[in-house]
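Remarks on the structure that follows.
The values are calculated or read from the model by the stated rules, or taken from the named source; none is laboratory data. None of these values were measured; they are calculated from a predicted model. Here the Cβ positions follow ideal geometry from the backbone for every residue, glycine too, while neighbour counts run over all protein chains shown.
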Amino acid sequence: MRLTSDDSGKRQAKALRRDMSLPEILLWRELRRESIRWRKSHPAGPYTLDFYCAPAKLAIEVDGEAHGRGDRPERDAARDAWMSEHGVSTLRITASAILRDLDAALRLIVAETEARLSLPSRAPTSPRQGQGTPKR
């Protein structure tokens, strides 16, 4: 099933692409180096996903500290349920975890993506860990 959004959702997603937080920027920089295509600020029905991998049907949500307050936990649960009904799994990673250990966050994402694609597991490479960025 293809996730779609109306024109207002597409406009909102476009605006969010320009206003990414630092953890989102850092994660996007690394996801772009992966061999599997990711989309940022992807409209999906009434929602805009931080990052989306269509082949794996996997959404990545970067949660700031506000996600633990007020009605956000309930709204996030409703959003995750809607995504699940449409065959999309949501992986939530805190912004602080990305800032603390970007490589660990990326390893988690790669492992989840490969599990959803049923690919053999591999360790992600990072330019900070070695020479260059090999394409897979």
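Would you mind stating whether residue 74 is in a helix (DSSP H, G or I) and modelled with pLDDT under 95? Show your work before the answer.
Values: in a helix (DSSP H, G or I): yes; modelled with pLDDT under 95: yes.
So residue 74 passes the test.
Can you go through 33, 79 and tell me which one is touching a strand residue (DSSP E or B) at 6+ places or on another chain (Cβ under 9 Å), of a type in the set (Lys, Arg) and either crowded, with 16+ Cβ neighbours inside 10 Å or over 16 Å from residue 115 (Cβ atoms) (or both)? Exactly one residue qualifies, and that residue is 79. Cβ-Cβ contacts under 6 Å between residues 6 or more apart (or on different chains), taken from a first residue in segment 77-97 that is without any contact (Cβ under 8 Å) to a residue 12 or more places away in the chain to a second residue that is part of a helix (DSSP H, G or I), are listed as 97/105. For segment 72-94, a tally of residues being closer than 19 Å to residue 21 by Cα and either basic (Lys, Arg) or in contact with a His (Cβ under 9 Å, 6 or more places away or on another chain) (or both) returns 4.
When the residues of segment 90-124 are filtered to those that are surrounded by fewer than 17 Cβ atoms within 10 Å (Cβ to Cβ) and of a type in the set (S, T, N, Q), the one that is modelled with the highest pLDDT is 96.
Per-residue answers, yes or no, for (1) under 11 Å from the mean Cα position of the chain (by Cα); (2) assigned to a loop (DSSP other than H, G, I, E, B); (3) basic (Lys, Arg); (4) over 18 Å from residue 109 (Cβ atoms):
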{"site": "28", "(1), (2), (3), (4)": "yes, no, no, no"}
{"site": "35", "(1), (2), (3), (4)": "no, yes, no, no"}
{"site": "42", "(1), (2), (3), (4)": "yes, no, no, no"}
{"site": "49", "(1), (2), (3), (4)": "yes, no, no, no"}
{"site": "52", "(1), (2), (3), (4)": "yes, no, no, no"}
{"site": "56", "(1), (2), (3), (4)": "no, yes, no, no"}
{"site": "59", "(1), (2), (3), (4)": "yes, no, no, no"}
{"site": "62", "(1), (2), (3), (4)": "yes, no, no, no"}
{"site": "82", "(1), (2), (3), (4)": "no, no, no, yes"}
